[in-house]
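The values are calculated or read from the model by the stated rules, or taken from the named source; none is laboratory data. As the structure is a prediction and not an experimental result, all values here were calculated from the model. We place every Cβ from the backbone using ideal geometry, glycine too, and count neighbours over all the protein chains shown.
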Amino acid sequence: MKILGFAGSNNASSINKKLVSYALQLAEAHTTDLLDLNDYEVAIYSPERESKDGIPAKIMALAEKISESDVLIISLAEHNSSYSAAFKNLFDWMSRIPNRTVFDDKPLLLMATSPGARGGEGVLEAAQNRFPRNGAKIPEVFSLPQFYENFTEGKLSEPFHSELKTKLFSVLTNH
(Lines give C-alpha, C1' and ligand atoms only; values in the text may rest on other atoms or scores of the structure.)
Protein backbone atom coordinates (compact mmCIF):
# COMPACT_ATOMS: atom_id res chain seq x y z
CA MET A 1 0.00 0.00 0.00
CA LYS A 2 1.28 3.46 -0.88
CA ILE A 3 0.83 6.15 1.77
CA LEU A 4 1.32 9.83 1.02
CA GLY A 5 1.81 12.25 3.90
CA PHE A 6 2.30 15.97 4.23
CA ALA A 7 1.76 18.82 6.63
CA GLY A 8 -0.52 21.70 5.72
CA SER A 9 2.30 24.14 6.45
CA ASN A 10 5.20 25.82 4.71
CA ASN A 11 7.16 26.22 7.96
CA ALA A 12 10.55 24.52 7.57
CA SER A 13 10.40 23.36 11.20
CA SER A 14 6.68 22.54 11.19
CA ILE A 15 5.46 20.55 14.18
CA ASN A 16 2.73 19.16 11.92
CA LYS A 17 5.37 17.84 9.53
CA LYS A 18 7.09 16.16 12.49
CA LEU A 19 3.77 14.53 13.41
CA VAL A 20 3.17 13.31 9.84
CA SER A 21 6.70 11.94 9.65
CA TYR A 22 6.14 10.07 12.91
CA ALA A 23 2.86 8.59 11.62
CA LEU A 24 4.56 7.46 8.42
CA GLN A 25 7.23 5.71 10.49
CA LEU A 26 4.45 3.74 12.21
CA ALA A 27 3.40 2.48 8.76
CA GLU A 28 6.79 0.86 8.22
CA ALA A 29 5.39 -2.18 6.36
CA HIS A 30 4.07 0.10 3.62
CA THR A 31 5.56 2.36 0.97
CA THR A 32 5.52 5.92 2.30
CA ASP A 33 6.24 9.32 0.82
CA LEU A 34 6.57 12.53 2.84
CA LEU A 35 6.01 15.70 0.83
CA ASP A 36 7.06 19.24 1.65
CA LEU A 37 4.51 21.84 0.55
CA ASN A 38 7.37 24.24 -0.16
CA ASP A 39 8.18 22.08 -3.20
CA TYR A 40 4.75 22.93 -4.62
CA GLU A 41 4.64 26.66 -3.96
CA VAL A 42 2.86 28.64 -6.67
CA ALA A 43 1.34 32.11 -7.09
CA ILE A 44 -1.82 32.79 -5.13
CA TYR A 45 -4.86 31.48 -6.94
CA SER A 46 -6.95 33.91 -8.93
CA PRO A 47 -9.42 33.34 -11.76
CA GLU A 48 -7.34 35.68 -13.92
CA ARG A 49 -4.18 33.59 -13.41
CA GLU A 50 -6.06 30.40 -14.14
CA SER A 51 -7.60 31.86 -17.29
CA LYS A 52 -4.29 33.27 -18.53
CA ASP A 53 -1.85 30.51 -17.56
CA GLY A 54 -3.94 27.44 -16.70
CA ILE A 55 -3.23 25.14 -13.76
CA PRO A 56 0.46 25.33 -12.71
CA ALA A 57 2.62 22.27 -13.40
CA LYS A 58 3.49 21.99 -9.69
CA ILE A 59 -0.20 21.70 -8.83
CA MET A 60 -0.67 19.00 -11.46
CA ALA A 61 2.34 17.16 -10.00
CA LEU A 62 0.87 17.33 -6.49
CA ALA A 63 -2.49 16.08 -7.76
CA GLU A 64 -0.70 13.20 -9.50
CA LYS A 65 1.07 12.27 -6.23
CA ILE A 66 -2.34 12.12 -4.53
CA SER A 67 -3.79 10.02 -7.36
CA GLU A 68 -0.89 7.55 -7.17
CA SER A 69 -1.37 6.96 -3.44
CA ASP A 70 -3.74 4.58 -1.68
CA VAL A 71 -4.03 6.46 1.62
CA LEU A 72 -3.34 10.06 2.68
CA ILE A 73 -2.05 11.32 6.01
CA ILE A 74 -2.35 15.07 6.41
CA SER A 75 -1.59 17.11 9.51
CA LEU A 76 -2.90 20.63 9.24
CA ALA A 77 -1.30 23.68 10.77
CA GLU A 78 -3.88 25.91 12.39
CA HIS A 79 -3.80 29.62 11.59
CA ASN A 80 -6.63 31.56 13.20
CA SER A 81 -8.76 28.39 13.53
CA SER A 82 -8.38 27.52 9.85
CA TYR A 83 -5.85 26.31 7.25
CA SER A 84 -2.51 27.96 6.66
CA ALA A 85 -2.40 30.25 3.63
CA ALA A 86 0.15 27.94 1.99
CA PHE A 87 -2.15 24.92 2.22
CA LYS A 88 -5.28 26.87 1.29
CA ASN A 89 -3.64 28.15 -1.88
CA LEU A 90 -2.69 24.63 -3.01
CA PHE A 91 -6.16 23.41 -2.07
CA ASP A 92 -7.77 26.20 -4.12
CA TRP A 93 -5.63 25.45 -7.16
CA MET A 94 -6.24 21.68 -6.96
CA SER A 95 -9.98 22.25 -6.71
CA ARG A 96 -9.83 23.80 -10.18
CA ILE A 97 -8.41 20.74 -11.95
CA PRO A 98 -11.13 19.47 -14.31
CA ASN A 99 -12.66 16.02 -13.85
CA ARG A 100 -11.23 15.23 -10.42
CA THR A 101 -11.64 16.01 -6.77
CA VAL A 102 -8.84 17.41 -4.61
CA PHE A 103 -8.40 14.23 -2.57
CA ASP A 104 -9.34 11.81 -5.37
CA ASP A 105 -11.68 9.76 -3.12
CA LYS A 106 -8.78 8.56 -0.97
CA PRO A 107 -9.06 7.55 2.69
CA LEU A 108 -7.44 10.23 4.82
CA LEU A 109 -6.07 10.15 8.34
CA LEU A 110 -6.67 13.77 9.26
CA MET A 111 -4.44 15.19 11.98
CA ALA A 112 -3.41 18.43 13.63
CA THR A 113 -1.17 19.50 16.45
CA SER A 114 -0.42 22.78 18.14
CA PRO A 115 1.57 24.08 21.09
CA GLY A 116 -1.73 24.83 22.87
CA ALA A 117 -4.31 22.73 24.64
CA ARG A 118 -6.79 22.58 21.74
CA GLY A 119 -4.50 20.61 19.40
CA GLY A 120 -5.74 22.26 16.22
CA GLU A 121 -9.44 21.63 16.91
CA GLY A 122 -10.52 24.63 14.83
CA VAL A 123 -8.73 23.55 11.67
CA LEU A 124 -9.83 19.94 12.16
CA GLU A 125 -13.45 21.06 12.38
CA ALA A 126 -13.08 23.14 9.23
CA ALA A 127 -11.43 20.26 7.36
CA GLN A 128 -13.96 17.67 8.49
CA ASN A 129 -16.70 19.92 7.17
CA ARG A 130 -14.99 20.78 3.85
CA PHE A 131 -12.77 17.87 2.76
CA PRO A 132 -15.49 15.23 2.15
CA ARG A 133 -17.00 17.60 -0.42
CA ASN A 134 -13.61 17.50 -2.16
CA GLY A 135 -13.22 13.74 -2.32
CA ALA A 136 -11.76 12.87 1.10
CA LYS A 137 -12.95 9.88 3.07
CA ILE A 138 -12.07 10.65 6.70
CA PRO A 139 -12.46 7.51 8.82
CA GLU A 140 -10.17 8.77 11.60
CA VAL A 141 -9.10 12.10 13.10
CA PHE A 142 -6.16 12.62 15.47
CA SER A 143 -5.50 15.74 17.52
CA LEU A 144 -2.31 16.23 19.52
CA PRO A 145 -2.50 19.05 22.06
CA GLN A 146 0.56 20.66 23.66
CA PHE A 147 3.01 19.38 21.08
CA TYR A 148 6.17 20.29 22.97
CA GLU A 149 5.02 18.42 26.09
CA ASN A 150 3.67 15.37 24.24
CA PHE A 151 6.31 14.92 21.52
CA THR A 152 9.80 14.68 22.98
CA GLU A 153 12.99 13.08 21.71
CA GLY A 154 11.23 12.27 18.45
CA LYS A 155 8.45 10.25 20.08
CA LEU A 156 4.84 10.69 21.08
CA SER A 157 4.02 10.19 24.73
CA GLU A 158 1.34 7.79 25.89
CA PRO A 159 -1.57 7.57 25.46
CA PHE A 160 -1.11 9.55 22.21
CA HIS A 161 1.32 7.05 20.64
CA SER A 162 -1.16 4.20 21.11
CA GLU A 163 -4.09 6.32 19.93
CA LEU A 164 -2.29 7.35 16.73
CA LYS A 165 -1.14 3.79 16.05
CA THR A 166 -4.71 2.48 16.50
CA LYS A 167 -6.19 5.15 14.24
CA LEU A 168 -3.56 4.60 11.56
CA PHE A 169 -4.12 0.84 11.68
CA SER A 170 -7.88 1.43 11.33
CA VAL A 171 -7.41 3.59 8.23
CA LEU A 172 -4.99 1.12 6.65
CA THR A 173 -7.04 -1.99 7.32
CA ASN A 174 -10.40 -0.51 6.36
CA HIS A 175 -9.08 0.94 3.14
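Please find, within segment 77-96, the residue that is nearest to the chain's Cα centre (by Cα) out of those that are crowded, with 22+ Cβ neighbours inside 10 Å and within 19 Å of residue 67 (Cα to Cα).
Within segment 77-96, the match that is nearest to the chain's Cα centre (by Cα) is 87.
Provide a single number: the residues in segment 53-76 that are assigned to a helix (DSSP H, G or I), of a type in the set (Val, Ile, Thr) and over 13 Å from the mean Cα position of the chain (by Cα). Spell out how you get there, then give the answer.
Here is the first cut: in segment 53-76, the ones assigned to a helix (DSSP H, G or I) are 53, 57-68.
Next, from what is left, pick out any that are of a type in the set (Val, Ile, Thr): 59, 66.
When the remaining residues are screened for being over 13 Å from the mean Cα position of the chain (by Cα), the result is 59.
Count: 1.
Got at least one residue in segment 124-131 being exposed (fewer than 14 other Cβ atoms within 10 Å of the Cβ), closer than 26 Å to residue 175 by Cβ, in contact (Cβ under 8 Å) with a residue 12 or more places away in the chain and polar (S, T, N, Q)? Full working, then the answer.
Initial filter on segment 124-131 (exposed (fewer than 14 other Cβ atoms within 10 Å of the Cβ)): 128-129.
This time we only want the ones that are closer than 26 Å to residue 175 by Cβ, so: 128-129.
Filter again for in contact (Cβ under 8 Å) with a residue 12 or more places away in the chain, leaving 128.
Narrowing further to those that are polar (S, T, N, Q): 128.
Within segment 124-131, one or more residues are exposed (fewer than 14 other Cβ atoms within 10 Å of the Cβ), closer than 26 Å to residue 175 by Cβ, in contact (Cβ under 8 Å) with a residue 12 or more places away in the chain and polar (S, T, N, Q).
Exactly one condition in (1) without any contact (Cβ under 8 Å) to a residue 12 or more places away in the chain; (2) in a helix (DSSP H, G or I); (3) among the acidic types (Asp, Glu) is false for residue 50; which is it?
Among (1) without any contact (Cβ under 8 Å) to a residue 12 or more places away in the chain; (2) in a helix (DSSP H, G or I); (3) among the acidic types (Asp, Glu), the lone unmet condition for residue 50 is (1).
From the set of residues in segment 79-97 that are at pLDDT below 95 and assigned to a loop (DSSP other than H, G, I, E, B), which is farthest from residue 127 (Cα to Cα)?
Here is the first cut: in segment 79-97, the ones at pLDDT below 95 are 79-83.
Then keep just the ones that are assigned to a loop (DSSP other than H, G, I, E, B); that gives 80-81, 83.
Values: 80: 14, 81: 11, 83: 8 Å.
So, considering only residues that are at pLDDT below 95 and assigned to a loop (DSSP other than H, G, I, E, B), the one farthest from residue 127 (Cα to Cα) is 80.
For segment 3-16, what are the residues that are buried (at least 24 other Cβ atoms within 10 Å of the Cβ) and either of a type in the set (S, T, N, Q) or free of Cβ contacts under 8 Å to residues at least 60 places away in the same chain (or both)?
Answer for segment 3-16, where residues must be buried (at least 24 other Cβ atoms within 10 Å of the Cβ) and either of a type in the set (S, T, N, Q) or free of Cβ contacts under 8 Å to residues at least 60 places away in the same chain (or both): 9, 16.
Can you tell which of 34, 19, 24 is within 17 Å of residue 165 (Cα to Cα), in contact with a Gly (Cβ under 7 Å, 6 or more places away or on another chain) and modelled with pLDDT of 95 or more? Outline the logic, then answer.
Working: 34 fails: within 17 Å of residue 165 (Cα to Cα); 19 fails: in contact with a Gly (Cβ under 7 Å, 6 or more places away or on another chain).
One residue alone meets the criteria, 24.
Only residues that are closer than 23 Å to residue 95 by Cβ, surrounded by 13 or more Cβ atoms within 10 Å (Cβ to Cβ), touching a residue at least 40 places away in the same chain (Cβ under 8 Å) and in contact with a helix residue (DSSP H, G or I) (Cβ under 8 Å, 6 or more places away or on another chain): list them for segment 17-47, please.
Hits for segment 17-47 are 37, 40, 41, 42, 45.
Looking at (1) free of Cβ contacts under 8 Å to residues at least 60 places away in the same chain; (2) in contact with a Pro (Cβ under 6 Å, 6 or more places away or on another chain); (3) assigned to a helix (DSSP H, G or I), which is the one condition that is false for residue 119?
Unmet condition: (3).
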